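The values are calculated or read from the model by the stated rules, or taken from the named source; none is laboratory data. Remember, it's a predicted structure, so these values are computed and weren't measured experimentally. Note that each Cβ is placed from the backbone with ideal geometry, even for glycine, and that neighbours are counted across all protein chains shown. All accessible areas refer to the heavy atoms of the entire protein, side chains included, with ligands and DNA or RNA removed. Shrake-Rupley method; radii C 1.70, N 1.55, O 1.52, S 1.80 Å.
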Amino acid sequence: MNVKNLVLGVGIFIVYMLMLNYGIEAFYPSLQYDNYCSASIYKNPYQAMDGKNCTNLNKINEIELACYSNRGQPVNYSYDSSGCVQSLSCDFCSKQFDESRKSYSKVVFVIALIAGILTLLIGYGILSVEPVGSALMASGVGAIFYGSVRNWMNLSDVWRFLLLLLALVLLIWIALRLNRKK
């Protein structure tokens, strides 16, 4: 392979990966945290300066800990005339955002996986046209990698292992088919 083909192959790979990323973003936009949570509701609580007049500190601390343990954020503190917290509410916007993000990542994974497999097969099919074939094969592997990274946190260790095993077997199979003596 000469230098021109190498440069063209790398260029095809880079443009493909950018196209995949921006294509997904254009037709299936990523989630924005601000659409779920507003920073204005998170105000730091304060207690009376000496803290001795606040009789319900333990109760408030228990409510806050319960909120945190349920993946919420304590908000909307209300105070009495002494400056002691009387009540608060728990906002679960971060939890809702995380659940939506997991669903979004799964869809991106499927899109990238399908695009990667198709591109890999197309590259394999037209391998005789260099550098297009090898660059498309690299792009297909890159798309599978991209989708896997986007969804990695949602996969259990067993699914991670199976995905990596499948990718390894596929790559070895292609390498053997390409390099076997005819």
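Which ranges mark the helices (runs of 4 or more DSSP H) fully within the range 71-182 that have 1 or more residues being under 19 Å from the mean Cα position of the chain (by Cα), more than 28 Å from ALA26 (Cβ to Cβ) and not basic (Lys, Arg)?
Working: elements: 93-125, 132-151, 157-179.
It comes to 157-179.
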Task: Of all residues making up the range 9-37, the number that are open to solvent by 70 Å² or more (accessible area, probe 1.4 Å) and touching a helix residue (DSSP H, G or I) at 6+ places or on another chain (Cβ under 7 Å) - done: 4
Task: Contacts under 9 angstrom Cβ, first residue in the range 66-90 being open to solvent by 50 Å² or more (accessible area, probe 1.4 Å), partner assigned to a strand (DSSP E or B) and among the aromatic types (Phe, Trp, Tyr), 6 or more apart - done: GLN86/TYR77; GLN86/TYR79; SER87/TYR77
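Condition check: over 24 Å from MET19 (Cβ atoms) and open to solvent by less than 40 Å² (accessible area, probe 1.4 Å). Does SER105 satisfy that?
no
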Task: Filter result for the condition that a residue is at negative phi and open to solvent by 30 Å² or more (accessible area, probe 1.4 Å), over LEU120, LEU171 - done: LEU171
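Over 18 Å from PHE109 (Cβ atoms) and either out of contact with any Ser or Thr (no Cβ under 6 Å at 6 or more places or on another chain) or surrounded by fewer than 20 Cβ atoms within 10 Å (Cβ to Cβ) (or both): does that describe SER134?
Numbers: over 18 Å from PHE109 (Cβ atoms): yes; either out of contact with any Ser or Thr (no Cβ under 6 Å at 6 or more places or on another chain) or surrounded by fewer than 20 Cβ atoms within 10 Å (Cβ to Cβ) (or both): yes.
Against the criterion (over 18 Å from PHE109 (Cβ atoms) and either out of contact with any Ser or Thr (no Cβ under 6 Å at 6 or more places or on another chain) or surrounded by fewer than 20 Cβ atoms within 10 Å (Cβ to Cβ) (or both)), SER134 qualifies.
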